[in-house]
Amino acid sequence: GNTLPQLTVIDPLVCDRGVDRYRRGSRTLSSLVTHYRCDVIASHDAAADAAAAVAVARAIARSFPEVGSVSPDDLMRAQADWHRAWATNYAAYRRENGLDASDVDERWPVPSRVLKVGAESLVPVRYREPWWKFW
């Protein structure tokens, strides 16, 4: 019966997949840090990973106007579209290669498995400044 808070989700993985779809290579957090030349501490604890994710999101926002110059509401919609397109293509790839695609979820930012237990969709918060300046 709990509900999720209203907030804006900025997902560097989804943004990277959306704006640089055909780039080859890994898209792990450490790979994205290297690709976007982010200066972060390399330890893998929650605080370092969060700082790395923020650094990558800011780098993407500076590099791609379709991420950095849009409102948080528009970015949320774009990320949902980018994730849905990726999930559709990935599921098709898995099926074409005889693999199970039943766990590929098109919902973003809250996966279907979370919604099934009663959580509500996230609603973005409105800001006057570009979203990435707050980090």
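Stretching Asp49 away from Val19 to a fully extended chain increases their span by 8.6 nm, per 0.36 nm per residue minus the current alpha-carbon distance.
Based on the Cβ-Cβ distance of Asp100 and Glu66, what FRET efficiency does E = 1/(1 + (r/R0)^6) give at R0 = 30 Å, to the nearest 0.05?
About 0.35, to the nearest 0.05.
Can you send over the carbon and sulfur percentage of the accessible area for the stretch 1-102, probe radius 1.4 Å, protein chains only? List each step's numbers first, then the result.
Details: 3200 of 6160 Å².
So the carbon and sulfur contribution to the accessible surface is 52 percent.
The trypsin sites (Lys or Arg not before Pro) of the stretch 27-88 meeting both criteria, a DSSP state outside H, G, I, E and B (loop) and at most 16 other C-beta atoms within 10 angstrom of the site's C-beta, are Arg27, Arg37.
Extension gain, Leu7 to Arg37, is 8.0 nm, computed as 0.36 nm per intervening residue step minus the present C-alpha separation.
The values are calculated or read from the model by the stated rules, or taken from the named source; none is laboratory data. These numbers come from a predicted model, not from an experiment. Every residue, glycine as well, gets a Cβ built from its backbone with ideal geometry; the counts of neighbours run over all protein chains shown. Areas reflect the complete protein model, heavy atoms only, side chains present, ligands, DNA and RNA absent. Shrake-Rupley method; radii C 1.70, N 1.55, O 1.52, S 1.80 Å.
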